[in-house]
Every structure is written in structure tokens, then in C-alpha cells.
Amino acid sequence: MFRNSYDNDTVTFSPTGRIFQVEYALEAIKQGSAAVGITSDTHVVLVALKRNAEELGSYQRKITRIDDNMGLALAGLAPDARLLSNHLRSLSMRQQFLFDRPLAVNAAVASIADKAQSNTQQYGRRPYGVGLLVAGYDEKGPHLFEFLPSGSMLEYVGSAIGARSQAARTYLERNFDSFEKCSLEQLIIHGLVALRDTLPQDKELTFQNTSIAVVGKDTKFTILEDDAVVPWLDKLDSTSRRPQRRETANTNENNEEGETTDITEDMVDNTESTESTNSTGSVTNAENAEDDNANANSSAEGDNETDPNDRMED
Amino acid sequence: MQHTQEKWGRPRDDVYGPYDASYLNSEPRTQTLQPTVTGTSVIGMKFNNGVVIAADNLASYGSLRRFIDQERLIKVGSETVVGVGGDVSDLQTIEEIMEGLEISESYDEPAQSLTAPNIHSYLQRIMYKRRSKLDPLWNALVIGGFKNDEPYLAFIDLLGTTYTAPAVASGFGSYLAIPILRKLVDREGDQQNVSKEQAVDAIKEAMKVLFYRDGRALDKYSLAILSKKDGKPDVEILKDVRVENQNWSMAKQIKGFGTQDE
């Protein structure tokens with residue numbers, strides 16, 4: 001059987017110049033559910049899709065506040081994100097304590113990017129298995145940075161990470177030139193539409209699985225969850241339907257992320273939400289549950305939705 | 001033959017003499033318990049468009065005029081001046097700390113702006129940390145600059161005690177200069193009615209009174225004028241400014257010390 005002998009540690013290059021452990025870490029991000037970030041010239045918005053490990057379980061938080069001027073959305077291993085956000089919080093507090101000023105966003109991201117990079121160059125360490133979208137506002141205006149376990153930090157007008165995030169990026173690329181002058185409200189809606197594009201066909205944004213966060217000029221970092229997102233989801237429904245964009249998004253998704261089994265399994269994996277809009281009712285659900293079991297047994301292909309081992313990535 | 005264990009492996013007393021334990025009974029390590037070479041008052045006041053700070057160029061060794069060219073105003077970053085009174089070696093420490101701050105701030109790209117409130121906060125933390133180590137930096141600091149385009153003026157002492165005010169002074173200046181400066185800026189906001197020229201004149205007058213009455217003062221001083229020009233901070237540090245129009249005719253009225261015929 002094929003065995004990759006260059007992926008045992010982070011300090012060995014493959015003959016083709018790759019560091020496999022870092023690439024695997026980037027795969028861990030794609031296992032996590034999607035997060036989208038967009039900037040206007042005054043604000044940054046993060047939206048993220050939360051997952052619950054099981055129907056009766058709580059949803060994993062996707063957005064974390066760092067300080068009044070900064071927060072982040074994560075995709076991948078949540079515990080790794082916790083470590084990084086704790087680090088950012090202490091940096092932020094120290095900046096406030098020593099210098100009486102907020103932490104600059106670029107300095108914050110550079111700090112965790114340096115941490116991530118050193119993990120790719122020291123024996124016996126592993127890269128972080130998480131990608132972050134760091135949103136913040138400082139004296140230079142609003143900023144959105146993407147942090148990756150490779151140690152890269154890039155600033156974006158709009159970006160998306162996590163499962164099926166290519167669909168969201170496609171939406172952002174089509175619309176990014178209008179973001180700059182967007183109002184906060186329009187910006188949030190753009191974010192939600194982009195996030196909705198990442199959903200499999202049978203899933204919807206609900207007040208339970210959607211997180212929204214905003215930060216910007218005269219706006220402290222605020223996370224909207226549960227009841228607070230309901231009005232935004234209502235606005236989303238009234239401003240745009242999800243018409244044929246679904247198809248294009250799915251096509252992109254399959255082509256560019258190489259996840260081939262999503263659609264069918266996602267359609268089957270309907271046990272998640274009891275208030276599903278599925279009009280065929282409980283009989284169908286029961287059938288689906290059976291299918292689901294069958295699927296779990298045959299999930300060696302490695303798709304994310306039904307494999308219990310993958311639940312740790314959010 | 002050494003019978004007792006505590007003697008084993010130690011130099012023999014009959015060859016090397018008994019162990020000299022006197023260092024164990026010496027005084028503990030001491031920090032600065034008093035300043036040695038010192039600078040006297042630093043004074044500062046706000047005006048409608050900025051801040052003026054002055055400190056003379058004397059470093060005294062006790063009552064001796066030891067160094068007459070000590071610069072005591074430090075420019076930090078692009079728009080802040082820190083005036084330092086008290087121990088001069090600690091002044092040099094603060095200079096080094098400020099230089100280190102400027103360097104580490106310039107690492108970030110793009111760099112965040114480093115303004116007077118930031119430097120004030122940082123120095124206050126340093127002063128309080130040092131006093132908490134029972135090793136204070138024996139200084140009084142006056143920080144002048146801008147906060148959101150408004151003039152900013154603050155004071156810190158060797159305990160880390162700090163405040164902001166439209167007129168501040170350290171040492172003898174708090175008795176002799178503050179009343180003169182407060183004629184113009186008594187309360188926060190009064191600086192709106194004070195022009196740059198008025199402020200500079202008041203500071204010069206205060207430096208004159210300080211030279212007359214403070215035995216550790218010099219008639220040569222540095223004057224920093226921080227103002228906003230077209231919304232941009234402008235820092236002008238005048239060096240070797242002299243106390244002008246001195247009038248010592250009252251000197252012969254003073255009795256009670258020195259050589260006097262009578």
C-alpha cells in the first residue's frame with residue numbers, strides 16, 4: 001500500500017518541496033463548518049455556521065470575542081482556536097494595560113501567525129488544526145485577516161473558510177466591489193447569503209445554527225446568536241431567495257474542493273434539525289435515520305457529516 | 001584528622017586560616033535610597049493649540065552645579081516630549097527605555113501611532129513597577145503631547161502617582177511655578193483662551209522665578225513647544241534658552257547667610 005514517508009513530522013520537506021503535515025492541517029480546516037467574513041470601509045462582519053455533535057447536544061460556538069475592537073471566527077479544531085484566542089486576549093489586555101490603547105489587528109494576527117509558523121519548523125510539534133478569520137477595527141480602519149496553520153496571514157475584503165466555503169468565496173468574488181460602500185445591514189445580508197451558499201441542499205440557516213458578529217467604527221465587537229439572529233434571517237428571506245445559485249455553488253464545491261460524496265450524504269443526514277422544513281414528515285425522517293446508520297458504516301470515504309470522529313472539527 | 005563532617009572537603013584552617021564569613025553579615029543589597037546627581041523642576045502648561053514644557057540644563061551633585069549642559073527634555077515618537085526631573089542616571093535609564101520603545105514600536109508594519117497617552121501609561125506602569133520592587137526610578141516626569149488632536153499634559157512621580165492637568169510642575173516648581181501658570185490655566189478647558197505666545201511668556205516668567213528662588217536652578221534651559229499645524233503635530237525644542245532681563249537689585253536686601261558686612 002502507498003505510504004507517504006514525508007509526512008511524519010513538520011520539519012522534513014518532501015522531494016517536491018511540500019510539508020505534508022502542514023497540508024493536512026489545512027485539510028482540518030475544510031472539515032470544520034464554514035465561516036465567512038466581509039469588510040466595508042467602516043465595518044467588518046463575520047457569519048458562521050454552527051454544528052451540533054448530536055441532535056440533543058449544544059451547538060459549538062464559532063465566533064469568539066477577543067476585545068471590544070476584535071473577534072474571530074474559526075473553522076477546524078475548536079480547542080486549538082481556544083488556545084490562540086486566549087493568547088490574543090492576553091495580548092490585548094497587555095496592550096490596554098501598558099499602553100492604554102487597543103491592540104492593532106495586524107499586530108495581533110502577526111503574533112499568532114508567528115506561533116503557527118514556529119510549529120512548522122520545530123521537531124515534535126504539530127501545526128494548529130484551525131483556520132481563523134480575525135475581524136477587528138483599529139486606528140487604520142476595519143480589517144479582516146485570514147489566519148492559517150501554515151503561518152500565513154493575509155488581509156481580505158471578504159473571505160470564507162471551512163467546509164464548502166468555495167461556494168461562499170464564489171459569491172464574494174462576484175459581489176466584492178459593492179462591499180466597500182455597504183451599510184452594516186447590507187453587509188450582514190451579504191454575509192448571510194454567502195454563508196447560505198455553503199449549505200447542502202436540505203439544510204437551512206436557522207436561528208440555532210447561525211452566528212453573526214459585527215465590529216467597526218463606533219461599534220464594539222458584538223456577537224448575535226439565537227433570538228438575535230431571527231430578524232436577520234427574516235431580512236434574508238425577504239431580500240433574496242435561494243434560486244438557481246444553489247446549482248452553481250454545488251458544482252464549484254465539487255470541482256474545487258474535491259469532496260465528492262457530500263450532496264447525497266447531506267441529503268440523508270436529516271436527523272439534525274427536528275424543525276426541519278421537510279414536508280414529508282416523520283416517516284421520511286425515520287427512513288433517513290436508517291439510511292444514516294448505513295452511511296455511518298460505509299463512511300470510510302472520509303466525508304464529514306456522518307462520521308462521528310469528525311465531529312470534533314467545528 | 002578531621003573528625004567532623006562539616007569540615008570535610010573544606011580548606012584546612014591551619015593552612016588557610018579560618019573561613020571568612022564576614023560577607024554573610026554585611027548589609028543586604030541596596031537600591032537607590034537617595035538621588036545623587038539631580039535635575040530640578042520641570043514645568044509645563046497647555047495652550048489652545050498645544051503644550052509648552054521647560055526644564056533647565058543643570059545637573060546638580062548635591063548643591064554643587066556639577067553639569068551645566070544636561071538636556072532633560074526627551075522627544076519620544078513623533079509628537080510627544082517627556083521632561084525629566086530628579087536623578088540623572090535614572091533619567092538616562094528612562095531615555096534608554098524610551099529608545100527601546102520606539103524601536104519595538106517600529107517593528108510593526110504598518111506601525112500604530114505612539115501618542116502621549118500611550119507613553120504616559122507606559123511610563124506610569126514602569127514607575128509603579130519600580131517602586132513596587134523597592135527600587136524606584138527617582139524621577140518626576142512631565143509628559144506633553146496630544147490625545148485625539150487635543151493637547152495632553154500629564155505628571156508622574158517616583159511612586160507611580162499620576163494625574164493630568166492644564167498646568168503641571170515638579171519639585172520646587174509646584175510651589176513657585178504653578179501659581180504663575182494657573183493665572184492662565186486654572187481649570188481644564190481654560191487653555192482654550194490661551195495663545196501659544198501667552199503660554200510661552202508664562203513659562204519663561206516661571207523659569208525666571210525658579211532661577212531666582214531655586215538654589216538648584218540654572219538660567220539656561222530647554223523649551224519644548226508642541227502645537228498642531230494644519231492638523232499635524234509640530235514639535236519644536238528650543239535649546240540654550242536664557243532667563244532674560246534678570247534683576248538682582250533685591251539681592252542685597254537678603255540677609256541671614258553668606259558674607260555680609262554689617
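Numbers at a glance
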item	result
Total formal charge among the other residues, if their Cβ is under 13 angstrom from that of B:Lys220, Lys/Arg +1 and Asp/Glu -1	0
Size of electric dipole in chain B: Cβ of Lys, Arg +1 and of Asp, Glu -1, about Cα centre, debye, nearest 20	580
Options A:Val193, A:Ser165, A:Thr39, ranked by Cα towards positive dipole end of region A:3-240, top entry (Cβ charges)	A:Ser165
For B:106-114, mean number of other protein chain Cβ atoms within 10 Å	4
Residue-averaged beta-carbon neighbours from other chains (10 angstrom radius) around A:100-112	3
Two-site FRET efficiency, A:Phe97 against B:Asp20, from Cβ-Cβ distance with R₀ of 35 Å, rounded to 0.05	0.15
Cross-link partners of A:Lys181 among lysines (Cα-Cα below 19 Å; sequence separation of 8 or more within a chain)	A:Lys140, A:Lys217
Relative packing of A:176-188, A:47-59, which averages over residues the other C-beta atoms within 10 Å, highest first	A:47-59, A:176-188
Pairwise FRET efficiency - B:Lys75 versus A:Asp41, Cβ, R0 = 41 Å, nearest 0.05	0.75
Solvent exposure of the protein assembly as shown as accessible area per residue, Å², 1.4 Å probe	51
Pair B:Gln253, B:Thr36: separation of 7 Å Cα→Cβ label points (nm)	4.1
Cα-projected label distance for B:Asp240 with A:Asn175, points at 7 Å along beta-carbon direction, nm	6.8
Net charge contributed by nearby residues that have their C-beta within less than 11 Å of B:Val88 (K/R +1, D/E -1)	-2
Sequence-distant lysines (8 or more away, or on other chains) whose Cα lies within less than 19 Å of A:Lys50	A:Lys30, A:Lys62, A:Lys203
Partner lysines for B:Lys196 [C-alpha distance under 19 Å; skip if fewer than 8 residues away on the same chain]	B:Lys46, B:Lys147, B:Lys183, B:Lys204, B:Lys208, B:Lys228, B:Lys229, B:Lys232, B:Lys239
Protein accessible area in region B:151-262, 1.4 Å probe - carbon and sulfur %	48
Point-charge dipole on Cβ atoms (K/R +1, D/E -1) for the protein assembly as shown, about Cα centre, debye to 20	3240
Solvent-accessible area buried by pairing A with B, both sides, nearest 100 square angstrom, 1.4 angstrom probe	1200
Among B:100-109, A:219-228, the order from most to least packed when residues are scored by Cβ within 10 Å on average	A:219-228, B:100-109
Sequence ranges A:210-218, B:202-210, ranked by mean other-Cβ count within 10 angstrom, highest first	B:202-210, A:210-218
Separation in nanometres of the label points that stand 7 Å from Cα toward Cβ, at A:Ser118 and A:Glu27	2.8
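The values are calculated or read from the model by the stated rules, or taken from the named source; none is laboratory data. Given the structure is predicted, the values throughout are model-derived calculations rather than measurements. Note: ideal-geometry Cβ built from the backbone for every residue, glycine included; neighbour counts use all protein chains shown. Ligands, DNA and RNA are excluded from the accessible area calculation, which covers all protein heavy atoms including side chains. Shrake-Rupley method; radii C 1.70, N 1.55, O 1.52, S 1.80 Å.
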